[in-house]
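Below is one structure; the comments refer to it alone.
What follows is calculated from the coordinates using simple rules that are stated; it is not laboratory data. In this text, all values refer to a predicted model and were calculated from it rather than measured experimentally. Glycine also receives a Cβ, built like all others from the backbone with ideal geometry; neighbour counts cover every protein chain displayed.
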Amino acid sequence: MIHLDISKALFGSEGTMSLHVKLDIKEYDFIALSGQSGSGKTTILRILAGLESAKGTISVANKIWLNEKIALPPQKRGIGFVFQDYALFENMSVEQNLLYAAKDKGLATHLLELTDLKALKNRLPSTLSGGQKQRVSLCRALMNRPKLLLMDEPLSALDPKMRLKLQHDILSLHKEFGTTTIMVSHDPSEIYRLANRVLVLDHGKIIQDGTPKEVLLHQQGSQKFSFQGEILDIIKADVIHIAIIAIAQQIVEVILDEAESKLYKIGDSVCVSTKAFAPTLS
Amino acid sequence: MMALDMEPFILSFKLASLTTFILFLIALPIAWWLSQTKCRCKPFIEAIASLPIVLPPSVLGFYLLYALSYNSPLGAFFEETFGIKLIFNFTGLVIASCFYSFPFMLQPLQGGFESLNKNMLEASYIAGKSTLQTLLHVSLPNIKPALLTSLIVTFAHTVGEFGVVLMIGGSIPGETKVASVAIYEFVEVMDYEMAHIYSGIMLLLSFIVLLSVYLFNSHHKKRIGISS
């Protein structure tokens, strides 16, 4: 259980802004942190990691990390952190990157096997692709068996196919290691797949807090009327079925009848279209 | 061909090696601190540290002579307490060279540290490593070209110094008469043949040193996949 009550003055491109966040996070939760750039998402992660100072209190599993007197340094927090730009140690091979964090060869081998990196273990980071680098970074973050895993837009620099593979890796590692995970993300389909709770931040305040379905479905309303998408979920509601479909950066609901619901399954690629309506221009 | 007196060269290289070693130990923590600090005093410290680049060596030499001689409290203290003279001997040369070459050690190191990805250092802290461990295992290995530049340029700059050396050390054979001073004296007594030989050797050595730095750096860039 993480209890967070912090405030900090930020100096962004739009002048001074006050970050104020009060939050309780349950153990084993997977939290997605969303919101405009400059809203304070990364700063929250950095404060949690001890990389930036802040006023207020942070306690994790009844241990104080931050209050008026104590500010535990990052070395003592035992967390895992995945940076957007990977931040691998360029002078070390893939395996050395992991072993530098903790001298646990068994765990390193296990993580490299899970993420299909075993064949690359002696390569230097500069010879790897973006997706491979981010998998190394993810493995390295787990070497200390952290209770809390923080990820700052870990997949934003990767192509969609690689994202999908890494989303799968992240989810299975989150489950296997029993971490509480907080991830900054802008991608609704990614959030829907991974998180069980979404926080939307705006100008340093939390403006929305709920399940991915509650938060994300408000973002629908594309004015196009024929598009490719992927079925994320099929929910039975009374007599009808609702398919949750990811279309580009949007999530939409489509009502299905009993027969249609049997026709499709989660993960199917579908074309969502409609003919019998007059599009409105505004 | 007549026998060459190699002593001035040996002295020059002894002085340069010792100065490089001492300055590395002094400049490393300062360069690291300057690269990481947000202290408002940083520009002042940087300006002071760079003074030896712009000051005429005679100015530096004059102040050092003034500060280290027996007439100054510092010089008197060292002579009375440890029995060590700080001028007109090899010790004085080392001290003077450390001041004279300091910015040449500091600046490449600081530049190297500043160019490091901050997230990489933070990743090391998060992995539980101290600042010293991070410096030794992550920072230094990732600034190899800057490290080599600072070591070689400091060494070469110390071999090439003349004004400060002459003012602090004079020209005592086997003690303070380094190669650059020896060349000056050959010219002064119009022994151009020896001046040619000594200068030629210095020219060749300096070229070899610089060539090896550039060769290493271009090779290093290729190896770590940076196109220059």
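Working note: 222 nm ellipticity from helices only, DSSP H runs with n ≥ 4, each -39,500 (n - 2.57), summed and divided by the residues of chain A, gives -8000 deg cm²/dmol to the nearest 500.
Note down the net charge around B:Gly128, summing +1 for each Lys or Arg and -1 for each Asp or Glu among other residues with Cβ under 10 Å from its Cβ. Net charge around B:Gly128: +3. With the biggest extent put first, the Cα atoms of the protein assembly as shown measure 110, 54, 53 Å across the principal axes. Each listed q (0.07, 0.12 Å⁻¹) maps to a log10 I(q)/I(0) for chain A from the Debye sum over equal C-alpha point scatterers, namely -0.30, -0.84. Extension gain, A:Phe227 to A:Lys63, is 54.1 nm, computed as 0.36 nm per intervening residue step minus the present C-alpha separation.
Among A:Met183, B:Met120, the ranking by other beta carbons within 10 Å of each residue's beta carbon, starting with the fewest, stands as B:Met120, A:Met183. Net charge of the neighbourhood of A:Gln84, taken over other residues with C-beta under 10 Å away and scored Lys/Arg +1, Asp/Glu -1, is -3. Among B:Met105, A:Met151, B:Met202, the ranking by other beta carbons within 10 Å of each residue's beta carbon, starting with the fewest, stands as B:Met202, A:Met151, B:Met105.
For the pair segment B:123-192 and segment B:37-67, the centres of their Cα atoms are 17 angstrom apart. Net charge dipole, segment B:41-138: roughly 160 debye, given to the nearest 20, about the Cα centre with Cβ charges of +1 for Lys and Arg and -1 for Asp and Glu.
Measuring against 31 Å, Cα to Cα, the residue pairs A:Lys22/A:Lys236; A:Lys118/B:Lys144; A:Lys205/A:Lys265; A:Lys76/A:Lys133 contain A:Lys22/A:Lys236; A:Lys205/A:Lys265 as the ones spanning a longer distance. Note on B:127-138: average number of Cβ atoms from other chains within 10 Å of each residue's Cβ is 4. Shielding of peptide A:83-90 by partners, expressed as the average count of other chain Cβ atoms within 10 Å per residue Cβ, is 6. Bridge orientation summary for the protein assembly as shown: considering DSSP beta bridges with both residues in this region, about 70 percent are antiparallel. Taking a ≥ b ≥ c as the square roots of the Cα gyration tensor eigenvalues, segment A:129-246 comes out prolate, since a/c reaches at least 1.5 and a/b is larger than b/c. Averaged over residues, the count of other Cβ atoms within 10 Å places the peptides B:60-71, A:139-150, B:44-55, A:262-273 in the sequence A:139-150, B:60-71, B:44-55, A:262-273, highest first. What is the sum of charges, Lys and Arg at +1 and Asp and Glu at -1, for the other residues whose Cβ falls under 9 Å from the Cβ of A:Met183? Around A:Met183, the surrounding residues sum to -3. Mean partner shielding of peptide B:112-120, defined as the number of other chain Cβ atoms within 10 Å of each residue Cβ, is 3.
Expected output is a single nm value to one decimal: the length gained when fully extending between B:Asn89 and B:Leu204, i.e. 0.36 nm times separation in residues minus the C-alpha distance. What is it?
Extra length available between B:Asn89 and B:Leu204 comes to 38.6 nm.
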